[in-house]
Structures are given as structure tokens and as C-alpha cells.
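Okay, so here's the structure we're looking at.
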Amino acid sequence: MQRIRQGVTTMLRKTGTLAAAFTLGAVSLAGCGGGSGSTGTTAGGTPGTVSPPPATPPPATPPPATPPPAASVDISGSWTTRESLKSTSAGMSCEGRSVIDLTTDSSGSSAGSMRSVSTCGGPSGRAMEANRGTITVTVSGTAVQFSLGLTGMPGAGTCKFAGTVSGSPPTAIAGDIECSSGWTGTWQATRGAPAASLPPGLVAIDVADMAACATAADGRVACWGPNPLGQLGSGDDVPRIVPGPSVDGYAFRKVSISTSGGHACGITTSGQALCWGNREGGRFGDGVSGAPWQFVTTPVAVSGTRTWVDIAAGGDHVCAIATGGEAYCWGHNSSGQLGTGNFTASATPVAVIGGLRFNSLTAHILVTCGITDAGAAYCWGDGSEGRLGTGAPALSNAPLPVKGNLTFASLSAGVWTVCGATTSGDGYCWGLNGSGELGIGSNSNLELEPRKVAGGLAWKAIAAGVSSTCGVTTGGRGYCWGGNLSGERGDGPFPAPDVTSPVPVAGDLVFESIDSDWHACGVTQGGVAYCWGPGDWGGVGDGTLVDRGIPTRVSGQQ
């Protein structure tokens with residue numbers, strides 16, 4: 001994923017001072033004799049009258065003094081902003097959330113950084129965009145102005161933000177945006193961190209596509225991160241940089257977010273399956289094959305009267321387990337990821353063939369895996385990177401047993417890999433290993449069947465991510481391995497070289513669970529959520545849009 005870091009054009013406004021000056025003319029007396037009275041003698045000796053000198057005019061009244069310019073307000077500190085932009089010519093609009101951090105020097109000049117994440121959409125599609133750059137803010141009285149290159153928004157170019165500060169001390173800024181390419185809009189800023197809401201007593205967290213959803217013991221759900229297709233279940237498509245209530249009105253047992261698919265699904269405490277977000281391709285399972293870019297921001301019930309016990313959202317499909325252990329899938333099926341014995345898509349649940357009974361499922365882009373009641377692992381779909389674990393890189397539209405005759409307690413499918421923990425606490429991974437994400441002590445390119453994770457640790461669960469993998473031991477300690485470009489390993493400074501075996505996550509946290517994708521999040525045994533890794537899309541949930549190299553407490557918790 002390319003991350004956008006952009007410079008900024010500095011605009012300065014100079015104010016001149018009007019100087020006013022005036023001159024008083026001197027008055028001279030002419031034709032006066034030697035006396036000091038009002039009469040005298042003429043030159044010929046004839047008495048005459050001496051004309052009095054002209055009256056001295058009163059001093060001219062000076063113009064009023066120019067008042068000194070009003071003192072500029074101090075806007076140093078952190079601000080959270082909302083931006084709305086549109087382009088008539090491009091037929092697009094964007095809704096964004098930003099964080100501005102400013103310091104003010106002795107001359108009154110303010111400078112700092114602006115980081116933003118936005119949802120953009122139009123007839124040609126929808127996307128999540130990110131921008132960041134340095135800014136210099138001109139402040140004159142209560143008027144502020146700065147410029148930023150918004151290259152993440154297609155064709156926006158350099159945009160000028162102008163606004164007026166309100167409050168004493170300043171608490172808000174509001175104004176207009178004008179961009180070099182014709183994009184226009186408005187912005188509003190409030191001082192401090194954004195309001196966040198995360199229910200207490202968290203029991204699980206699901207991470208995908210820079211977003212996260214946490215579920216509490218009482219069934220409430222809070223989600224955060226990018227939201228271009230309404231996958232946060234927030235009733236809109238606006239990104240969130242801190243948690244907020246999602247899919248209100250339901251109590252959930254489990255929620256699963258899709259990576260790259262823009263949809264999410266969950267199972268309520270009564271066993272009902274619901275989906276929301278991107279509807280394209282029948283991934284709601286409600287019988288509707290949605291058109292491209294069609295999305296719904298509130299839950300839609302999956303067709304049928306079945307009661308469900310587990311659910312997993314893949315890249316463009318969904319699979320779930322009914323109360324009897326039967327697995328069903330729906331959505332796209334180009335690689336056989338539905339496990340139905342064919343490559344036909346379905347907008348309603350169709351049974352996975354083979355007569356197997358499952359107790360858990362995991363799904364990712366073009367692949368699905370499950371654990372049977374007996375603990376055997378099966379996978380189906382795209383095995384070209386070895387994710388099926390069968391010993392051969394091939395597709396399969398029906399469940400195939402993972403090699404090794406291992407008995408698994410948990411499985412997790414990632415972008416390139418699949419990992420699991422056995423009932424005896426051993427960790428195994430298979431698939432691509434270019435960054436050491438298999439944790440087997442080397443970065444061999446490809447492993448087509450399970451390889452034991454190095455280190456001799458006893459695992460409760462392991463979560464396969466993108467270029468890194470994280471897991472929780474039976475003692476609740478977090479470990480990660482693989483790549484660490486933006487802090488996703490959680491062990492400190494980044495970027496850092498790949499590691500090919502588990503290293504402890506920083507801090508003394510005791511985790512109940514950890515999930516991993518582009519970034520990672522975990523829930524402690526005390527029910528508190530922490531995240532680490534790339535934060536520029538809002539997935540860390542601390543309201544800063546900053547990458548984090550160690551576990552960082554998610555905002556909104558008591």
C-alpha cells in the first residue's frame with residue numbers, strides 16, 4: 001500500500017502600516033513700525049493707522065491615529081478537523097477527518113503538520129484517501145490561512161484553507177477551501193482530540209483493511225478506521241479516527257470485517273447473521289446481487305431461517321456455520337472460495353460440499369479455511385501461494401485437508417499465509433514467507449504445507465496478517481514476527497529489519513486475543529483494546545493518524 005506524504009506550499013500575507021503626517025505653516029508679520037501700539041506715524045510724519053497683522057489660524061486638527069493591529073490569537077496545540085470537498089468537473093466529492101498539530105514561535109507565526117483521511121466517491125467509483133504534510137499558518141487577528149497539497153484527492157492539487165477563529169481562548173475554526181484545480185469546500189476545526197466512544201468489557205477485536213471493530217461482553221460494537229463503503233456500520237461512509245458506536249440496535253456475538261472487500265458481517269447473540277457495507281456481487285447473502293459500488297451502511301439480514309454460530313468475511317465472499325456444524329458460503333467464487341464444487345457465484349447461502357461439520361471458519365482474499373469438530377483443518381479456494389496447505393500450489397473449489405494430520409484449536413487466514421495453533425499449543429504457518437511472516441526461523445519464499453513456528457512457545461492463537469504475524473501465548477503474552485515497516489510488529493522503533501521468529505510485543509500487557517492485518521490490535525484480559533502499526537488511516541484508533549511502534553491504548557475507554 002502506497003502511503004501519501006506530501007509537502008505544502010507556504011503562503012504569507014503581509015500587512016502594511018499607514019503613516020500620516022501634517023505640517024503647520026509659519027505666520028509672518030509685514031509692514032509694521034517700531035511701536036508696539038495700534039497707531040503710529042507714517043514715513044512722511046503723518047499720523048496714520050497701522051493695519052493689524054492677520055489673525056493666527058488655530059492649529060490644524062491632526063487625523064485620528066491609526067489603531068494598532070488587533071493581537072493575533074494563539075492557535076498552537078492540536079486540532080481535529082472535518083472537511084467537505086467537491087469537484088463539479090471531476091464529478092466527485094470527499095468527506096475527510098484530519099488532525100492538525102501546531103506550535104507558535106515568538107513572532108506569532110504558527111507551523112506544524114496536517115494529517116487527513118477521506119472517503120471520496122463519484123460515478124467512477126469510491127476510494128479511501130490519505131494526505132499528510134507540513135503547513136505554515138498565517139494568523140491575523142482571528143483570521144487564519146494556510147495551504148496544503150491534497151494529492152490523495154484525485155486532481156485536487158494545492159488547496160488554500162481560510163477560516164475564522166472563535167472562542168476565547170480559541171476553541172473552533174470554520175471557513176472555506178479553494179483548490180488550484182477547481183475543487184471547493186468547507187472545513188471546521190475543534191481544539192483537542194475528537195470525541196470517542198468504546199464500550200467497556202471488550203471480549204474480541206477484528207482487524208482488516210486498516211479498520212477495526214471491537215465487541216463488548218454485552219454485544220455492543222464500536223468500529224474505527226476508513227469507511228469508503230460503509231463497512232464500519234456507522235450509518236454513513238465517513239472515516240473515523242477514533243471509535244464510535246456501530247450497528248446500533250443489535251447485540252453481537254461476533255463481527256468480521258473483510259480485507260479489500262469493503263463489507264462486514266456479524267452474528268447476533270440470538271444467532272441471526274447480518275451484513276453491511278459493500279453489497280456488490282451478493283456478499284450480503286440476501287438474494288441481491290448488488291451493482292459495483294453499491295453499499296448499505298446499516299445491517300441487512302442474510303436470507304433463510306438458519307441459526308448461525310460463526311461467520312467469516314473474505315475478500316469478496318462470506319462463509320458461516322449453522323448450528324448443526326454445516327458450513328455455507330455466498331458471494332463471488334472465481335477461485336472456488338465458496339467450496340461448492342464449482343466456480344459459480346451465489347447471492348444466497350450455499351452449502352460447502354463434503355459433508356464436514358465445522359466449529360470455526362476463517363476467510364481472506366479468495367480463500368477459506370475451517371476446523372472440523374475433530375480438530376482437522378481444511379482449506380479451499382486460491383492455493384497459488386500455498387495457503388491451502390496441501391503440498392501443492394493449486395486452486396480447489398472443494399475443501400481439502402491440510403497436510404500433517406495436526407489437530408487445531410484455531411486458524412487464521414492472511415493475505416499470503418495461514419497460521420494456526422494446535423490443541424497442544426504448537427504454532428504452525430504455511431504460504432508465502434518473503435518477510436519471515438511464517439515465523440519458522442528463515443525467510444524461505446514459499447511453504448506449501450504447515451511448518452512449525454520457532455521459539456518453543458505455547459500458543460493460544462496466531463493471527464496471520466499482511467507482511468507480519470502476531471499471536472498470543474497460553475499465558476497471555478503477545479508476540480509478532482515478519483516485517484515492520486510502520487510498527488506492525490509492536491516491538492519498538494520502525495522501520496526495522498524483518499525477523500523470522502517471534503519477538504515479544506513491547507509492554508507488560510496480558511492479552512486475551514490479538515488480530516493482525518496491515519496493523520494489529522489486541523484485547524487484554526481486562527477488556528481493554530490496544531493497537532499498533534500504521535495509523536495514517538485511523539486504524540490505531542487513538543485520534544492522531546500517527547503510526548505506532550508499540551501497543552497504544554485506543555481512545556474512548558475508561
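Of all residues in the range 536-558, those that are on the phi > 0 side of the Ramachandran plot have Cβ atoms under 9 Å from Cβ atoms of residues that are among the acidic types (Asp, Glu) and in a loop (DSSP other than H, G, I, E, B), 6 or more apart or on another chain, in Leu545/Asp536.
Once the range 85-95 is narrowed to residues that are assigned to a strand (DSSP E or B) and hydrophobic (A, V, I, L, M, F, W, C), the residue that is farthest from Gly175 (Cα to Cα) is Met92.
Has the range 449-472 got at least one residue that is farther than 21 Å from Ser410 by Cβ, hydrophobic (A, V, I, L, M, F, W, C) and either modelled with pLDDT of 95 or more or touching a helix residue (DSSP H, G or I) at 6+ places or on another chain (Cβ under 7 Å) (or both)? No, there is no match, as no residue in the range 449-472 is farther than 21 Å from Ser410 by Cβ, hydrophobic (A, V, I, L, M, F, W, C) and either modelled with pLDDT of 95 or more or touching a helix residue (DSSP H, G or I) at 6+ places or on another chain (Cβ under 7 Å) (or both).
Check whether at least one residue in the range 60-75 is under 26 Å from Gly157 (Cα atoms), at pLDDT 85 or above and not hydroxyl-bearing (Ser, Thr, Tyr), and report yes or no.
Yes: one or more hits.
Hey, could you check the range 94-112 for residues that are crowded, with 18+ Cβ neighbours inside 10 Å and among the small types (Gly, Ala, Ser) and say which is farthest from Thr158 (Cα to Cα)?
Ser110
Screening the candidates Gly315, Gly285, Gly331 for the property of being under 28 Å from Gly420 (Cβ atoms), under 25 Å from the mean Cα position of the chain (by Cα), surrounded by 21 or more Cβ atoms within 10 Å (Cβ to Cβ) and among the small types (Gly, Ala, Ser) yields one hit, Gly315. Taken residue by residue, the range 533-544 has no member that is among the charged types (D, E, K, R), assigned by TED's automatic domain parsing to the domain that holds Val221, farther than 20 Å from Gly439 by Cβ and surrounded by fewer than 21 Cβ atoms within 10 Å (Cβ to Cβ).
Cβ-Cβ contacts under 7 Å between residues 6 or more apart (or on different chains), taken from a first residue in the range 504-517 that is assigned by TED's automatic domain parsing to the domain that holds Pro534 to a second residue that is at pLDDT below 95 and not β-branched (Val, Ile, Thr), are listed as Asp517/Asp209. Quick check, is Ser98 part of a strand (DSSP E or B) and within 20 Å of Gly230 (Cβ to Cβ)? So Ser98 fails the test. Listed conditions (1) farther than 18 Å from Trp187 by Cα; (2) surrounded by fewer than 21 Cβ atoms within 10 Å (Cβ to Cβ) are all met by Thr136, apart from (1). Just to be sure before I move on: is Gly383 buried (at least 19 other Cβ atoms within 10 Å of the Cβ), assigned by TED's automatic domain parsing to the domain that holds Cys429 and at pLDDT 95 or above in the structure I sent? Here the answer is yes, as Gly383 does meet what is asked.
The values are calculated or read from the model by the stated rules, or taken from the named source; none is laboratory data. Only a predicted model underlies this, so the values are computations on that prediction, with no experimental measurement involved. As a convention, Cβ positions derive from the backbone with ideal geometry for all residues, glycine included, and neighbour counts pool all protein chains shown.
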